[in-house]
Amino acid sequence: MTPQQVTFLQRLVADRPEYRARGTTADVMHAQEGLGRVQGSRIYYLEADFESARHKLISRGFDVARPQGTYTRGEAPKGRSEKSGAQKVTHGLVAISTLNMPDLRAPARGFLAIPWANALVIPYQVLLLVENLEALQRIGEFGWLEDYVKGRPVVALYRGAPGWFRTDSAATLIASDTRPVLAFFDFDPAGLAMAVSVPRREALCLPPWELLRTSLQEQQRRNLYAQSYDESRAQLDAITDPQIALAWKRMQQLTLGLDQEHFPLTGTT
């Protein structure tokens, strides 16, 4: 989701309005997320819509409430604790790693933390959006990713989590960029739903199916499939993108999910 869409959901949860005027964001969230009912020039909401908006924020790693801090610790007013009311230290920072960029490389199993605007000036050709921080730290170990990377310089970007390396910082970076994005998420309904909304998505990055199916059957993560199925089903059923539609079909057939940390490390597509 874009920063504007996240803010729209947060305000929907906080304000609980009877309706919103028809407009770009309200229309998009109605069409893509099924929020509200259109009546003339307005979109009307019920309690179920507010609860759905809250679940969408939580399941995709965003804070339900908008951040309140407006200054850094170093900018705290005189006489006030630097810890009270200030932005978190990681505010505005993103966690990244790189591939095929020998002059800018994180330590083994490490990552770099920089302001999101600084990441934009790195001369990468494609952005790799990664759902989990451990997967970002191990990004060079997933050999099959090269079939999607194709030798290009890559910045791998952690999508963030509530409270630190915030999701809105990563989302703002993506929205401010023009380069293609590779989506690397958990193989579960929530992961596929997040991949759907990735701007300029070039590909959904999954291991070769035979290897992924073996890992799915070994791990038997039915809970990972079930816990986001109801929330994501309507959106995924409507998807026509062939790559995501195929992944969704296969996931439904097995009724299994798999976290990135248990993806196979080798293989070619």
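The values are calculated or read from the model by the stated rules, or taken from the named source; none is laboratory data. A quick note: this is a predicted structure, and the numbers were derived from the prediction, not measured. Cβ coordinates were reconstructed from backbone atoms using ideal geometry, including for glycine residues, and neighbour counts include every protein chain displayed.
Does GLY79 qualify as being assigned to a helix (DSSP H, G or I), modelled with pLDDT under 90 and either in the same structural domain as LEU128 (by TED's automatic domain parsing) or more than 30 Å from PHE184 (Cα to Cα) (or both)?
no
Cβ contacts < 6 Å: first residue more than 17 Å from GLN32 (Cα to Cα), restricted to segment 53-64; second residue at pLDDT 80 or above and basic (Lys, Arg), any location; separation 6+ or different chain. Result?
VAL64/ARG54
Any residue at all in segment 114-133 that is assigned to a helix (DSSP H, G or I), free of Cβ contacts under 8 Å to residues at least 60 places away in the same chain and under 23 Å from ASP259 (Cα atoms)?
Yes, the conditions are met somewhere in segment 114-133.
Assess whether ALA161 counts as being buried (at least 23 other Cβ atoms within 10 Å of the Cβ), aliphatic (A, V, I, L, M), modelled with pLDDT under 95 and over 20 Å from GLY257 (Cα atoms).
Answer is no for this residue.
Going through segment 136-187 one residue at a time, which ones are of a type in the set (Ser, Thr, Tyr) and in contact with a strand residue (DSSP E or B) (Cβ under 6 Å, 6 or more places away or on another chain)?
TYR148, TYR158, SER169
Under 20 Å from GLN32 (Cα atoms) and either assigned by TED's automatic domain parsing to the domain that holds PHE111 or in contact with a Gly (Cβ under 8 Å, 6 or more places away or on another chain) (or both): does that describe LEU182?
Spelling it out, it is not the case that LEU182 is under 20 Å from GLN32 (Cα atoms) and either assigned by TED's automatic domain parsing to the domain that holds PHE111 or in contact with a Gly (Cβ under 8 Å, 6 or more places away or on another chain) (or both).
Could you tell me which of the residues GLN253, GLN220, GLN243 is out of contact with any strand residue (DSSP E or B) (no Cβ under 9 Å at 6 or more places or on another chain), in contact (Cβ under 8 Å) with a residue 12 or more places away in the chain and in the same structural domain as ASN118 (by TED's automatic domain parsing)?
Being out of contact with any strand residue (DSSP E or B) (no Cβ under 9 Å at 6 or more places or on another chain), in contact (Cβ under 8 Å) with a residue 12 or more places away in the chain and in the same structural domain as ASN118 (by TED's automatic domain parsing) holds for just one of GLN253, GLN220, GLN243, which is GLN220.
Considering only residues that are assigned to a helix (DSSP H, G or I) and surrounded by 14 or more Cβ atoms within 10 Å (Cβ to Cβ), which ones fall in segment 27-54?
ASP27, VAL28, MET29, HIS30, GLN32, GLU33, ASP49, PHE50, SER52, ALA53, ARG54
Kindly check whether there is at least one residue in segment 145-160 that is over 17 Å from ASN100 (Cα atoms), in contact with a Ser or Thr (Cβ under 7 Å, 6 or more places away or on another chain) and not small (Gly, Ala, Ser).
Yes.
Please report, ordered by residue number, the helices (runs of 4 or more DSSP H) entirely within segment 184-255 with at least 1 residues that are among the aromatic types (Phe, Trp, Tyr).
Passing ranges, in order: 209-219, 222-226, 229-237, 242-254.
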